[in-house]
1. Calculate the spin-label point distance for ILE77 paired with VAL104, positioning each point 7 Å from the Cα along the beta-carbon direction, and give it in nanometres.
2. Given labels modelled 7 Å from the Cα in the Cβ direction, how far is it in nm from VAL43 to PHE70?
3. Looking at the chain, which longest stretch skips every one of the GluC sites (Glu not before Pro) that is in a DSSP loop with at most 12 other Cβ atoms within 10 Å, leaving the sites themselves out?
4. To the nearest 20 debye, what is the magnitude of the charge dipole of the chain about its Cα centre, counting +1 on the Cβ of each Lys and Arg and -1 on the Cβ of each Asp and Glu?
5. Pop out the ³J(HN,Hα) list for segment 55-61 in order, Karplus 6.51 cos²θ - 1.76 cosθ + 1.60 with θ = phi - 60°, rounded to Hz; leave Gly and Pro as x.
6. Any idea how far apart ILE56 and GLN29 come out in nm if each label point goes 7 Å out from Cα toward Cβ?
7. Send over a whole-number figure in Å² for the accessible area per residue of the chain, probe 1.4 Å.
8. Can you give the FRET efficiency to the nearest 0.05 for ASN111 and ASN21, using r as the Cβ-Cβ distance and R₀ = 30 Å?
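The values are calculated or read from the model by the stated rules, or taken from the named source; none is laboratory data. If you're wondering where the values come from, they're calculated on a predicted model, not measured in any experiment. No Cβ is skipped: glycine too gets one built from the backbone with ideal geometry, and neighbour counts run over all protein chains shown. Ligands, DNA and RNA are excluded from the accessible area calculation, which covers all protein heavy atoms including side chains. Shrake-Rupley method; radii C 1.70, N 1.55, O 1.52, S 1.80 Å.
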Amino acid sequence: METNKVTGNDSKQYIVVTLGNEQFGINIQYVDNIVRMQRITRVPKAQSYFKGVINIRGEIIPVMSLRLKFGLEPDEINNATRILIIKLEPQAAIGIIVDEVKEVVTISDDNVDKIASSANDEKASYLAGVGKHGDGLISLLNLSAVIIEKEVDGK
């Protein structure tokens, strides 16, 4: 029986999620929890892609729609819809709505191509790279760019 032994830093595990017909990979080290869709309490005067807040075991967590953040059509909530609870820092959690959670994959750094992006291409900054897995490609999300708001537009 042959096993793929991978050393230290040359591969990472990603949770593969779908938005529409696109697949995205989210580094598993930032995923705290995956929960079913639930009632979201709206927050007034929030950005349009912030859907509101949810209560997970007594913790109030803001929830954002990745579809709206990426400029896609609004979420279609169904039985496969999930909220991923992401923690970039131990004290700060945020929920992101995805259409479906597919699988967990391990992608070696050799199979990740970096994206060449210009400084003002905001959408490209959301991607850390593109991972090759099997016959398909998975867009790997740069979570800090997706979640942290840039204070550049004066709106």
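1. Using points 7 Å along Cα→Cβ, the separation is 2.8 nm.
2. With each label point 7 Å from Cα toward Cβ, the separation is 2.2 nm.
3. Working: sites that count: GLU2, GLU76, GLU149, GLU151.
Counting at most 12 other Cβ atoms within 10 Å as exposed, the longest clean stretch of the chain is 3-75.
4. Details: 18 positive and 21 negative charges, 131 e Å.
The calculated dipole for the chain is roughly 640 debye.
5. Coupling constants for segment 55-61: 10, 10, 6, x, 9, 8, 10 Hz.
6. Going by the 7 Å Cα→Cβ label model, 1.9 nm.
7. Details: 9780 Å² over 155 residues.
Accessible area per residue, the chain: 63 Å².
8. Numbers: r = 22 Å, r/R0 = 0.72.
Between ASN111 and ASN21 the formula returns 0.85.
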